[in-house]
Amino acid sequence: MAQEEGQPTISEITCQEVAQWASAYLDGHVEDERKRQITAHLTGCAGCETYVKQIAMVRDVVALLPNTVEEPSDPHRLRQAFARVRRCSIKEELQ
Amino acid sequence: MNADAIPVTESFSHRMVTSWKPELTQSDVVANEEIVLLARLRQGEEGAFDELVMRHHSALIRMAMGHVADREVAEEVVQDTWLAVIEGLGRFERRSSLRTWVFGIMIHKAKDRGVREKRHLPFSSCVSVDDSDEAVDPSRFHQSGEWTGHWALPPQPWDDQTPEKLLASQQAVNAMNQAIETLPRTLRDVLILRDVEGVDAKEVCENLKITETNLYVRLHRARERVRRAVETYLEGQQSVV
Ligand SMILES: [Zn+2]
């Protein structure tokens, strides 16, 4: 597989570690040295490159998943409460 | 700040990112919108309140479901949350964002209810999650020899897959939703806040009272479970063809 074309830089960090750090790496939340190691590893490892791409895809797809749009069970009661409380506090502010 | 951190996904994410992230960061936009919305709320504008509810109600329900026994209770928790928001608006001092504040109230109320109803919690919510557990199945890596820690079963590229294609398949959408719904609560909370709602990492930590390291451990475990659901779905597709 990918590791047969292994380069020395790849072994600074294992695939298992890269996989573990993938989300933090994608969000830019890894320290510089770790970032360098991962980036170097990714240039030589197809397996990890695929893995990180898939995690990025999941992150982006989850944001776009159609959700069932929920509505409050009693919107009328909420609106009434809002109107009542705001009326009172606006009155207080005026006094 | 992280523009140079992701060369591997550049070609892929460029299109996605430009479609929903303008020059201003997402959190800047959200912050500006919130200031305007808060001013309207304080003037007692009913439309502004409806807007706030619309914006967060679905995610609040989804998160509450992870803490309490059933849907009905989740709806009560969120209804109570909105009532508390209404009562508290006058005192809200913007030490956190409006969203963080609202979600914080819900989490507090949901936990309270969850504790009282512990016996009835669905199974998935009771499974405790150890942050030190491996996110990715260790059996996919060589466990010994020269290639220890390297892929034994590397992921197969999702060659022609795009987010659009995945979203167009009802089966894929169901698989992903199912994976999210069955996440343990701690994982579901971070995934919904960070990836579904798009809340800043810092704000998520504040909301859930966890460290950034915890956040990424949990977020990654959650994403990995969804990734595996997609992987399984695609493998099923292949065997059909
Ligand atoms: Zn690798």
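Which one is farthest from the other protein chains (Cβ to nearest Cβ), of the residues in region A:45-73 that are surrounded by 15 or more Cβ atoms within 10 Å (Cβ to Cβ) and over 30 Å from B:D137 (Cα atoms)? Per the criteria, the residue is A:P72.
Of the residues that make up region B:48-67, is at least one outside any helix (DSSP H, G or I) and in contact with a helix residue (DSSP H, G or I) (Cβ under 9 Å, 6 or more places away or on another chain)?
Within region B:48-67, the subset outside any helix (DSSP H, G or I) is none.
No: region B:48-67 contains no residue that is outside any helix (DSSP H, G or I) and in contact with a helix residue (DSSP H, G or I) (Cβ under 9 Å, 6 or more places away or on another chain).
Within region A:13-29, the set of residues being more than 7 Å from chain B (Cβ to nearest Cβ) and within 14 Å of the chain's Cα centre (by Cα) comprises A:W21 only.
Of the residues in region B:176-186, not one is hydrophobic (A, V, I, L, M, F, W, C), open to solvent by 50 Å² or more (accessible area, probe 1.4 Å) and assigned to a loop (DSSP other than H, G, I, E, B). Which ones in region B:187-229 are in a helix (DSSP H, G or I), more than 9 Å from chain A (Cβ to nearest Cβ) and without any contact (Cβ under 8 Å) to a residue 24 or more places away in the chain? B:K202, B:V204, B:C205 - these are the residues of region B:187-229 that are in a helix (DSSP H, G or I), more than 9 Å from chain A (Cβ to nearest Cβ) and without any contact (Cβ under 8 Å) to a residue 24 or more places away in the chain.
Conditions (1) in contact with a Pro (Cβ under 6 Å, 6 or more places away or on another chain); (2) under 16 Å from A:A81 (Cα atoms); (3) modelled with pLDDT of 90 or more, marked per residue:
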| position | (1), (2), (3) |
| --- | --- |
| B:A48 | no, yes, yes |
| B:R55 | no, no, no |
| B:S58 | no, no, no |
| B:A69 | no, no, no |
| B:E75 | no, no, yes |
| B:T81 | no, yes, yes |
| B:V85 | no, yes, yes |
| B:S96 | no, no, no |
| B:W101 | no, no, yes |
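Could you grab me the full set of residues in region A:17-33 that are away from the ligand (no atom under 12 Å from the Cβ), in a helix (DSSP H, G or I) and not acidic (D, E)? Of everything in region A:17-33, those that are away from the ligand (no atom under 12 Å from the Cβ), in a helix (DSSP H, G or I) and not acidic (D, E) turn out to be A:S23, A:A24, A:Y25, A:L26.
The values are calculated or read from the model by the stated rules, or taken from the named source; none is laboratory data. All of these numbers come straight from a predicted model, not from anything done at the bench. For neighbour counting, all protein chains shown are included, and Cβ atoms are generated from backbone atoms with ideal geometry for every residue, glycine included. Areas reflect the complete protein model, heavy atoms only, side chains present, ligands, DNA and RNA absent. Shrake-Rupley method; radii C 1.70, N 1.55, O 1.52, S 1.80 Å.
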